[in-house]
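This report concerns only the one structure given below.
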Amino acid sequence: MKILVINGPNLNLLGKREPHIYGTTTLEAIEAQLQEEARLRGVALEFFQSNHEGALIDRLQAAREGVDAVIINPGALTHYSLALRDALLCLQCPVVEVHLTNVYRREEFRQHMVTTGAVTGVIGGFGPLSYRLALLAAIELVRGGGTNCSRA
C-alpha cells in the first residue's frame, strides 16, 4: 500500500510560523512520526509539499496511478481553490483532508472550505495528531474498513 501525503502553502514553516496557533512541531517531525507509524503497518509513504497551487495540482494528477490513498493538508487553499478541488475530484482513491487546528473555532472566513466536498473525510483540530489519525483512516479505507464512504 502506498499513501501520498501532500502539504500546501506555508506548511514548510510549521514550528516557526505562528506557534501559538500551529504549535512547535515541524513538518519534518510530523513526517518522521508518520513514517514510523506507516512502517509498523507495512505501508509506504511519499511526502510532497509546495507553496504553489499548480505544483500541488500536478502532483495530484500524477497520483491518479500508483497511489492507494491521499492525505492532504491544503493549508489556506482549502478556503478558495476550486482548481485544487477539481484535482481532488479526479482521484479514484480515498482522500483524507487534514488540518492542525479546528477551523470552526477560528476566523469566520476559515470556516468555508471548498476542498472538503471533494474528499472522503476530514480530520482536524488535534494538532500533529491529526496527521496520525488521517493516516489510520486512510489505511482503513484502503483495506476496506470504510466501504460506505464516498466522494461526490
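Of the residues examined, Arg39 is not one that is free of Cβ contacts under 8 Å to residues at least 60 places away in the same chain and either assigned to a loop (DSSP other than H, G, I, E, B) or surrounded by 14 or more Cβ atoms within 10 Å (Cβ to Cβ) (or both). Of a type in the set (Asp, Glu) and in contact with a strand residue (DSSP E or B) (Cβ under 6 Å, 6 or more places away or on another chain): does that describe Glu36? Here the answer is no, as Glu36 does not meet what is asked. How many residues does segment 1-36 contain that are small (Gly, Ala, Ser) and either assigned to a helix (DSSP H, G or I) or closer than 18 Å to Leu91 by Cβ (or both)? Of the residues in that region, 3 qualify. Filtering segment 45-89 to residues that are without any contact (Cβ under 8 Å) to a residue 24 or more places away in the chain, among the acidic types (Asp, Glu) and outside any loop (DSSP other than H, G, I, E, B) leaves only Asp58. Would you confirm whether any residue within segment 60-69 is under 11 Å from the mean Cα position of the chain (by Cα), surrounded by 15 or more Cβ atoms within 10 Å (Cβ to Cβ) and modelled with pLDDT under 95? No, segment 60-69 contains no residue that is under 11 Å from the mean Cα position of the chain (by Cα), surrounded by 15 or more Cβ atoms within 10 Å (Cβ to Cβ) and modelled with pLDDT under 95. Can you find even one residue in segment 90-98 that is out of contact with any strand residue (DSSP E or B) (no Cβ under 8 Å at 6 or more places or on another chain), without any contact (Cβ under 8 Å) to a residue 40 or more places away in the chain and closer than 20 Å to Arg132 by Cα? Looking through segment 90-98, none of the residues is out of contact with any strand residue (DSSP E or B) (no Cβ under 8 Å at 6 or more places or on another chain), without any contact (Cβ under 8 Å) to a residue 40 or more places away in the chain and closer than 20 Å to Arg132 by Cα.
Residues checked against (1) modelled with pLDDT of 95 or more; (2) out of contact with any Gly (no Cβ under 7 Å at 6 or more places or on another chain); (3) of a type in the set (A, V, I, L, M); (4) more than 27 Å from Ala87 (Cα to Cα):
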{"site": "Gly8", "(1), (2), (3), (4)": "yes, no, no, no"}
{"site": "Asn12", "(1), (2), (3), (4)": "yes, yes, no, no"}
{"site": "Lys16", "(1), (2), (3), (4)": "no, yes, no, yes"}
{"site": "Pro19", "(1), (2), (3), (4)": "no, yes, no, yes"}
{"site": "Gly23", "(1), (2), (3), (4)": "no, no, no, yes"}
{"site": "Ala29", "(1), (2), (3), (4)": "yes, yes, yes, yes"}
{"site": "Gln33", "(1), (2), (3), (4)": "yes, yes, no, yes"}
{"site": "Gly42", "(1), (2), (3), (4)": "yes, yes, no, yes"}
{"site": "Leu45", "(1), (2), (3), (4)": "yes, yes, yes, no"}
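In segment 1-19, of all residues being of a type in the set (A, V, I, L, M, F, W, C) and under 14 Å from the mean Cα position of the chain (by Cα), the one that is nearest to Thr115 (Cα to Cα) corresponds to Ile6.
Can you work out which of the residues in segment 15-36 that are within 11 Å of Val5 (Cβ to Cβ) and either in contact (Cβ under 8 Å) with a residue 60 or more places away in the chain or among the aromatic types (Phe, Trp, Tyr) (or both) is surrounded by the most Cβ atoms within 10 Å (Cβ to Cβ)? Only one residue fits best here, namely Ile30.
Among the residues of segment 89-100, is there at least one that is over 16 Å from the mean Cα position of the chain (by Cα) and surrounded by 15 or more Cβ atoms within 10 Å (Cβ to Cβ)? The answer is no; no qualifying residue exists.
The values are calculated or read from the model by the stated rules, or taken from the named source; none is laboratory data. Please read these numbers as outputs of a predicted model, since none were measured by experiment. Virtual Cβ from ideal backbone geometry, glycine too; neighbours counted across all protein chains shown.
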